[in-house]
Ligand SMILES: [Cu+2]
């Protein structure tokens, strides 16, 4: 009787571990990051699911901003080096944004249904 319990308890903890690992995987795939480097957004086009977060990080020595053309989100402040800016993707659609300091810098966000 005691042995049976030990086996089922072991099985239980193995399942719990597998579940944790799966959770960690799905969390990391939800990390949508865009680097701002050499006066460009990288990647220039990003596809995310509605409700996911998108984070920009400025890797330039110059300040940059993230401004939505369609006012999909509130514009960022001027980002200093290594400063980040995060938004949550809203309704599905294609959205363009630019840097108000350097309007030639543009990027696209494609939001798909989650
Ligand atoms: Cu800029």
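For the range 76-114, the set of residues classified as surrounded by 13 or more Cβ atoms within 10 Å (Cβ to Cβ), within 15 Å of the ligand (Cβ to nearest atom) and part of a loop (DSSP other than H, G, I, E, B) consists of 76, 78, 81, 83, 99, 100, 101, 102, 105, listed by residue number. So, of the residues in the range 60-74 that are in a loop (DSSP other than H, G, I, E, B) and surrounded by 13 or more Cβ atoms within 10 Å (Cβ to Cβ), which turns out to be modelled with the lowest pLDDT? Out of the qualifying residues, it is 72.
Just so you know, in the range 31-45 the residues that are in contact with a strand residue (DSSP E or B) (Cβ under 6 Å, 6 or more places away or on another chain) and not in a loop (DSSP other than H, G, I, E, B) include one that is farthest from the ligand (Cβ to nearest atom), and it is 32. Being within 16 Å of the ligand (Cβ to nearest atom) and either under 13 Å from residue 107 (Cα atoms) or crowded, with 17+ Cβ neighbours inside 10 Å (or both) is a property that residue 48 lacks.
The values are calculated or read from the model by the stated rules, or taken from the named source; none is laboratory data. All values derive from a computational prediction rather than experimental measurement. Note that we place each Cβ from the backbone using ideal geometry, even for glycine, and neighbour counts take in every protein chain shown.
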